[in-house]
Amino acid sequence: MDGIPSLDSKPILRPGWSTERRTFVLILAALALRLFFAGATGLGVDESYTVASSRVLTLSTFDHPPLAWWIAHAAGRLFGESALTLRLPFVLLSGLTGWLLFLLTRRLFSAEAGFYAVFALALSPALGLADAVWILPDAPLLPAMLACALALARVFFDDDRRQAPRDWLLAGLYAGLSMLSKYHGVLLFAGAGVFILTSARQRFWLATPWPYAAGLVALLVFSPVLIWNAQHHWISFLFQGGRSGAPQLHLVAPLALIGLQSLFLAPWIYFPLAMLFIRALWRGPAREREFFLACLAAFPIILFTLVAFWSSRRVLPHWVAPGYLMLFPLLGREIAARLAAGAPWLRRALVAAAVFVVAGVGLIAALPHIVPPALSGARYPLVETLDWDDFARALDARGWRKEKTFVASGRWLDCGKLDYALHGDPPVLCLTDDPRMFGIIRDPRSFIGWDAVIAGPGLTLDEARARFGPYFEAIEPLAPVEIAAGGAPAIKLEAFRATRFHDPAPAFSLAPETLAISSAPPQFSK
């Protein structure tokens, strides 16, 4: 058992309960907090875009594999499109993430270590809150990755290997679901492969059919993404492959990325995880269970940190977060061992961190309802979570909603906000050379001859005519629409009436037939 010590620490929560029961109660408490948070704020820009583009069900999507879009589509159809009901399945998936983390940590180390791994996960603002509440691909990715790691742990560390073929196939299934959530899932195979190659005790698996059968199962689950991309000229792979931009050496960028990672995960989580990761890699296969987790974590962490060296664009800190998820069993084990050895300061630190997270959630949840004057209007710190319902009301109140009239904007982020507020009626067109999924689900040629209401923040009449004038007969100003926060304007949407849409630019559409006749690969803003 890699020299695992006895972990008989005085437990947090009721001492008389079993560890499994305490963990279950902890997960329920975290779920309650997340549900409270989910219903307290509007959707962010990425969430609004996902919901808007999920209304048309497709095999895959421009930005990511489709699982988050499928879940959002089902939630909207079954429960309606409030922030809480749309986020509900994503919050419930976070409960599954917590339980699978407990099972994985218990399998590798101990139940007490599993409890503290779940506790630590709940203290991370990124993995324990944002990825556990928001409508993002990470919500289904995280439990699928943990389920795959658990199946692989049974393969590698169970003494009775009669169930290994089944566990290999399950690992393939869960890896496929990871890949169906986010392209990060493929890195599980890379990590598992490195572990097998470097561990003499596990290398024999390469001479069996089961790892390859697992890969075929994963490929089968992932096949909707391959089929859709083949039909759309591999546009999603081209987009993701080009996000690092042109090669350009940046020596400071990895340090900046590490700093952002520490803030994203929270310093009290990031630095212990980083130290445990380095220690596990340093000890190598001699500490087989620790090294197994480090191998699964290594590719997202190291790959994207290295990409920051040569990327001409900013590498985002949440790209590496799934790698750090694989290290929480190590952190849970370390916490349990130190508490068992007698570390009362650590117990106080855990309680203080929990109070900080709960207070932070309470503050964020209260802010939309009790906005102090100093934070109202344009100074409102949660401006990206404001739903643009004021625009939908203005469309009706001002008589802008007419037959054969669509709404348009020049940025996919603004189109997502507009489309979510309008619930798809009237349709929203994204008139830009980077329309993302809007260029797939709506063909601008279907709206030739229609009028439009063009809206966007900071858009002047001269800019509107310069950008959109070639595609309309005339563009005239309308009264702007204000999106309020705390009773004061936070966002000012300039609005324009455009008449008789014609000759849409080919770049407005990413339909297969449009891409097929393009003489150059599509270019995207980021």
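The values are calculated or read from the model by the stated rules, or taken from the named source; none is laboratory data. Here the structure is a predicted model, which means the values were calculated and not measured. Cβ atoms come from the backbone with ideal geometry, glycine included; neighbour counts cover every protein chain shown. What goes into the accessible areas is simple: the full protein's heavy atoms, side chains included, and nothing from ligands, DNA or RNA. Shrake-Rupley method; radii C 1.70, N 1.55, O 1.52, S 1.80 Å.
Per-residue surface analysis assigns His233 an accessible area of about 80 Å², computed on protein heavy atoms at 1.4 Å probe radius. Could you please report the charge total around Leu461, scoring K, R as +1 and D, E as -1 over all other residues with beta-carbon less than 13 angstrom from its beta-carbon? Value of the local net charge: -1.
Taking Lys and Arg as +1 and Asp and Glu as -1, the other residues whose beta-carbon sits under 14 Å from that of Glu81 total -1. Shape annotation for the range 349-484: C-alpha extents along the principal axes are 63, 32, 26 Å, from largest to smallest.
Only Cα pairs under 8 Å and 6+ residues apart enter the sum, and on that basis the relative contact order of the range 40-149 stands at 29 percent. Over the range 160-293, the reciprocal of the mean inverse Cα-Cα separation, the Kirkwood hydrodynamic radius, stands at 17.8 Å. Taking the longest Cα principal axis of the chain as reference, the axis of helix 253-265 is set at about 80 degrees. Accessible area of Ile71 (1.4 Å probe, protein heavy atoms only, ligands and nucleic acids ignored): about 40 Å².
Ranked by the mean number of other Cβ atoms within 10 Å of their residues, highest first, the peptides 381-393, 103-115 come out as 103-115, 381-393.
Average accessible surface for the chain: 42 Å² per residue, computed with a 1.4 Å probe over protein heavy atoms with every protein chain in place. Looking at the range 394-517, the DSSP beta bridges with both ends there are about 70 percent antiparallel. Per residue, the average separation of C-alpha pairs within less than 8 Å and at least 6 apart gives the range 264-359 a relative contact order of 27 percent.
The local environment of Leu493, defined by Cβ-Cβ distances under 9 Å, has a net charge of -3 under the rule Lys, Arg +1 and Asp, Glu -1. Nonpolar atom fraction for the chain, defined as the carbon and sulfur part of the 1.4 Å probe accessible area, stands at 66 percent.
The lysine pair tally for the chain, using Cα distances under 27 Å and a gap of 8 or more places or different chains, is 9.
Rg over Rh for the range 140-218 works out to 0.95, both radii taken from alpha-carbon positions and Rh defined as the Kirkwood radius.
Over the range 93-173, the pair-distance histogram of Cα-Cα distances with 5 Å bins from zero comes to 3, 17, 22, 22, 17, 11, 5, 2, 0 percent, rounded to whole numbers. Taking all protein chains as shown and a probe of 1.4 angstrom, Leu327 keeps an accessible surface of around 0 Å². For the chain, the cysteines with no partner cysteine C-beta closer than 4.7 Å are Cys148, Cys295. Angle of helix 186-198 to the longest C-alpha principal axis of the chain, folded into 0 to 90 degrees and rounded to 10: 20°. When a/c reaches 1.5 or more, the comparison of a/b and b/c decides; with that in mind, is the range 272-409 rounded, prolate or oblate per its Cα gyration tensor? Oblate, since a/c reaches 1.5 and b/c is not below a/b. For the range 257-352, the equivalent ellipsoid derived from the Cα gyration tensor has semi-axes of 26, 18, 8 Å, listed largest first. Scaled against the 2.2 N^0.38 Å expected of a compact globular protein of N residues, the Cα radius of gyration of the range 50-112 reads 1.45. Compute for the range 379-441: radius of gyration divided by Kirkwood radius, i.e. Rg/Rh, restricted to C-alpha atoms, rounded to two decimals. Looking at the range 379-441, the ratio lands at 0.99. More than 30 Å apart: what percent of Cα pairs in the chain qualify? Above the 30 Å cut-off, the chain has 54 percent of its Cα pairs. Of the chymotrypsin sites (Phe, Trp or Tyr not before Pro) found in the range 131-169, not one falls in a DSSP loop while having at most 14 other beta-carbon atoms within 10 Å.
Here r is the Cβ-Cβ distance between Asp503 and Phe271 and R0 is 51 Å; the resulting FRET efficiency, rounded to 0.05, is 0.35. Taking the DSSP bridge list for the chain and keeping only pairs wholly inside it, about 70 percent are antiparallel.
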